[in-house]
Amino acid sequence: MNFWRRFKFFAVGLTLGTLVVYVIFGSRDLTSWTPQGRVLITIKQAEFKASDKAECQIACIGLERDSISKILIKGADVDFKNSETQKKPCPIYDITIADAQLHYKLEMCERDSLVNLLSIDKVGIECDC
């Protein structure tokens, strides 16, 4: 069997295998197993509360309180360098959203299924809170 004949068999097998994998796993969200994905999923499922400072900042920036948790899910990036992930019992995460130019600091207590918004900042807006 020459090289080109073996290559054709390989290409056909690779193509069929790729199609089978795409059909079986095509609709899955494959980012949910990453640390960032797990943090964002936990935020989405937990009860959401805001501190007094965060409530003042929300009013200053002009955001609606109901839209904050929705904004957090779309386009959010967890900054693990500035987060306190080892803090017990509730780690603190820094989350940035580049599109909206927002920076969140969240305390996430998985045991209580509670996410506490500690602060929120928007680029170009200074709040006296």
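The values are calculated or read from the model by the stated rules, or taken from the named source; none is laboratory data. Quantities reported herein were computed from a predicted structural model and do not represent experimental measurements. Here the Cβ is made from the backbone with ideal geometry for all residues, glycine too, and neighbour counts use every protein chain on show.
Observations on the structure shown:
- Lone qualifier among Ser113, Ser67, Ser27 - being of a type outside the set (Phe, Trp, Tyr), surrounded by fewer than 16 Cβ atoms within 10 Å (Cβ to Cβ) and touching a residue at least 24 places away in the same chain (Cβ under 8 Å): Ser113
- Against the criterion of being farther than 15 Å from His103 by Cβ and of a type in the set (A, V, I, L, M), Leu63 does not qualify.
Each row is one residue, and each column tells you yes or no for (1) over 13 Å from the mean Cα position of the chain (by Cα); (2) of a type in the set (Asp, Glu).
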residue	(1), (2)
Tyr22	yes, no
Arg38	no, no
Phe48	yes, no
Glu64	yes, yes
Asp79	no, yes
Gln86	yes, no
Ile92	yes, no
Leu102	yes, no
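- With respect to the conditions (1) at pLDDT below 90; (2) in a strand (DSSP E or B), Tyr93 falls short on a single one, namely (1).
- Evaluated against (1) in the same structural domain as Gln57 (by TED's automatic domain parsing); (2) closer than 18 Å to Lys49 by Cβ, His103 falls short on exactly one condition, (2).
- Output for the stretch 73-94, where each listed residue is closer than 16 Å to Glu110 by Cβ and among the aliphatic types (A, V, I, L, M): Val78, Ile92
- Selection status of Thr96, under 19 Å from Val123 (Cβ atoms) and within 13 Å of the chain's Cα centre (by Cα): yes
- Meets criteria (in contact with a helix residue (DSSP H, G or I) (Cβ under 8 Å, 6 or more places away or on another chain) and among the hydrophobic types (A, V, I, L, M, F, W, C)) for Leu114: no
- Positions within the stretch 38-64 being of a type in the set (D, E, K, R) and free of Cβ contacts under 8 Å to residues at least 40 places away in the same chain, in sequence order: Arg38, Lys44, Asp52, Glu55, Glu64
- Of the helices (runs of 4 or more DSSP H) contained entirely in the stretch 1-75, those carrying at least 1 residues that are at pLDDT 85 or above fall at 3-25, 35-45, 52-61.
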